Amino acid sequence: MVTRAPESSPRTWVTRHGGWSALVPIFWRLLRRRFRGRRAVGVVAVLLFTVTAGQALVGATQIGISNDEPIHQQRMDQWLDTGWYLPPEFFGDDGSIRPDVEAGRLHAYGAAFSAFGHVVAATAGVEQWGDTDHSASAYTARGISVAVLGIAAALAVGYTLRVVTGRWLVGAWAAAATFAMPLWTGYSMFAVKDVPAAAGWTFVTAGLVVALYRPVSGGPAPAETGSPRFGSRPVAVGLLCFAGVWFSFGTRTALWIPLAGTVFIFAVLVACSPGRIRTAVNVKAAAAGLLAGVVAVTALHYRNAAHPVEWLFASVRTSGDFDWTGSTLTAGRLVSEKPPWWYLPAWTASSVPLLLGLLAAIGTVVTIARVTRRRTSGRPSLLRERLGRPGTGMVLWVVQALALPIMATAMSTTMYAGLRQHLYILPAAAALAALGAHVLMQRYHDGWQRSAVLVLLVAAIAVPALEQTRLFPYNFVYKNPLAGPVDGRWEADMHWVSGREALARVPAGQSAWCYTEATVDISGDLVEPTVEHCAGNPKVDVFLPEQGTAVTTEQPPDDGPGIHDTTPDGSGVVEADTPRDVWVIARKYRGSPPAGGCMEHDNVTRPLRGEDVVISYVLRCDASVFNR
């Protein structure tokens with residue numbers, strides 16, 4: 001007797017329904033039936049957030065080392081030894097701080113993120129407790145720490161918009177919009193002082209906005225109609241405020257000024273709210289979180305706090321006039337460290353995806369209109385009444401996005417490398433874009449207009465997510481279509497985190513040289529090229545074992561011996577016994593071309609809308625070019 005397999009057998013069921021390929025349309029029909037319209041937008045947002053946030057985590061394990069990372073690793077070593085978060089060159093032979101070091105430079109940066117990164121690295125077993133390490137695995141651990149903060153900031157933005165609008169869809173879309181900003185995804189892989197500071201401010205803003213709202217049956221609602229139940233919201237508010245102060249004020253000291261301004265505006269909104277009694281628990285939680293953060297940062301920097309006035313005000317002076325001289329290629333022009341007024345608007349307009357920028361503009365206009373519109377329901381209203389309206393707390397995101405950039409431009413502060421010092425703009429822009437999306441969904445909720453809005457919302461996050469994926473792990477190279485081509489117009493990799501991949505494209509066993517100083521000056525002159533052995537360059541030396549692992553073209557024939565890794569006196573200057581080629585990797589900085597006598601061999605490039613963007617050079621150079 002032949003036994004017949006039961007109908008529920010997977011093999012029989014699949015066979016009877018056309019094989020595995022037939023399951024695809026069935027699965028697709030189930031998805032369409034289950035997730036329609038606005039719910040589909042939320043599902044897409046969750047998926048895109050997962051992909052782009054995953055890129056930040058994976059990218060942290062693949063990307064190179066930026067200029068800042070070895071410096072802050074050395075600073076952390078000094079903090080562990082002396083309590084001062086300073087580079088070793090600030091100390092004399094007797095171990096004391098050199099008297100010629102400007103007071104403000106003692107206080108510009110804090111150890112908050114580096115301490116967090118050290119905890120992650122030590123927990124992962126790649127560093128010893130109390131001692132940092134200059135190794136690939138240690139830098140990877142610190143990069144993952146940055147990515148975690150970038151993801152946490154995006155989730156904070158999503159949580160805030162979930163509370164403000166009462167819709168999980170808007171919250172999910174806001175989180176996805178944050179990582180649909182390619183600069184945020186890219187910098188979240190390595191920017192040890194810029195992303196933590198921006199994430200910290202984002203945490204504070206999110207905590208204070210959420211503090212103005214209370215849960216009610218049927219979903220979140222403004223404080224004016226809040227219920228007496230407190231739930232977990234005060235806890236979330238307190239944690240956000242504490243983490244915000246820790247990572248912002250504790251990483252870039254001068255951020256205490258915008259944080260103080262944000263808290264002041266929050267206090268005004270609370271005072272004007274007719275439901276402030278119902279939000280008292282949230283406000284107390286926010287105050288407790290802020291105070292605890294200040295106390296923790298003060299304890300972390302007990303050396304600086306011994307001179308509190310100098311600590312606070314000298315840091316502001318130094319941040320505004322930071323000791324850096326150079327130029328940044330911006331819209332085809334080299335601009336100095338004291339850039340023209342259009343510098344920040346140009347970088348913001350070129351780096352933010354177009355549809356997200358449009359939605360952020362809508363959200364900004366709506367928020368400002370809520371405060372400035374003097375007539376409501378046909379009658380005039382006082383400013384106090386307008387500040388107490390539901391949703392006015394979103395003005396704190398407008399402050400984060402606009403206030404400090406306007407002040408920095410007006411005061412002609414030192415700025416370079418695009419938006420790196422102003423990354424806090426991006427989460428705020430995502431929050432305002434989510435508000436703009438919510439307004440459009442409320443206004444156009446029927447017929448073809450509803451469908452058009454939903455398509456717009458999906459395109460706003462899906463298109464930049466796709467484009468930045470092709471740039472991975474150099475997502476920060478992204479420019480929107482209005483910016484024109486990247487090559488020759490914008491800085492690509494001013495931090496030279498692509499040096500790791502460039503080194504991997506040099507054949508194994510060959511001497512690799514790093515040349516980083518051949519740049520175009522503002523005058524248009526080419527600075528004389530200089531090189532150093534990559535084994536002595538802290539941005540690539542830990543990746544020397546990876547050399548040759550990404551060689552994609554055939555190696556030219558060896559012309560014989562002639563290049564010495566060091567000179568007889570040990571200076572390490574390139575010498576040539578014969579005119580054979582040497583392998584040189586170089587960052588493309590300020591639009592600089594390769595030095596004369598160099599041939600581009602296998603550059604690090606990525607595609608962006610039909611353009612192969614050159615991010616780092618891999619060169620074969622005549623040794624005589626670099627003779628000294």
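The values are calculated or read from the model by the stated rules, or taken from the named source; none is laboratory data. Computed from a predicted model, the values in this text were never measured in an experiment. Backbone-built Cβ (ideal geometry, glycine too); neighbour counts: all protein chains shown. Ligands, DNA and RNA are excluded from the accessible area calculation, which covers all protein heavy atoms including side chains. Shrake-Rupley method; radii C 1.70, N 1.55, O 1.52, S 1.80 Å.
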Taking the square root of 5 times each eigenvalue of the Cα gyration tensor, what semi-axes in Å does the equivalent ellipsoid of the range 62-137 have, largest first? 24, 13, 11
Estimated inter-spin distance, THR123 and ILE71, nm [label 7 Å along Cα→Cβ]: 2.8
Heavy-atom accessible area ranking, 1.4 Å probe, most first, across TRP347, TRP448: TRP448, TRP347
Compute the FRET efficiency between PHE90 and VAL58 as 1/(1 + (r/R0)^6), taking r as their Cβ-Cβ distance and R0 = 41 Å, and round to the nearest 0.05. 0.70
In nm, spacing of pseudo-spin labels at LEU239 and MET411 (7 Å Cα→C-beta vector): 3.4
Which FRET efficiency value, to the nearest 0.05, is calculated for LEU291 and VAL455 with the Förster distance at 45 angstrom and r the Cβ-Cβ distance? 0.45
Go through 164-176, 257-269, 298-310, 87-99 and give me the packing order, highest mean Cβ count within 10 Å leading. 164-176, 257-269, 298-310, 87-99
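If you take the beta carbon distance between TRP342 and GLU600 as r and set R0 to 35 Å, what does 1/(1 + (r/R0)^6) give as a FRET efficiency, to the nearest 0.05?
On the way: r = 32 Å, r/R0 = 0.93.
FRET efficiency, TRP342 to GLU600: 0.60.
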Whole-Å distance linking the alpha carbon centroid of the range 431-482 with that of the range 330-374 is 17
Using the Kirkwood radius over Cα pairs, work out the Stokes-Einstein diffusion coefficient for the range 70-229 at 37 °C and 0.692 mPa s, in µm²/s as a whole number. 182
Using a simple spin-label model with points 7 Å from Cα along the Cα→Cβ vector, what separation in nm is obtained for ASP321 and VAL371? 3.1
Across the Cα atoms of the range 384-496, what radius of gyration and what greatest pairwise Cα-Cα distance (Dmax) are found, in Å? 17.9, 52
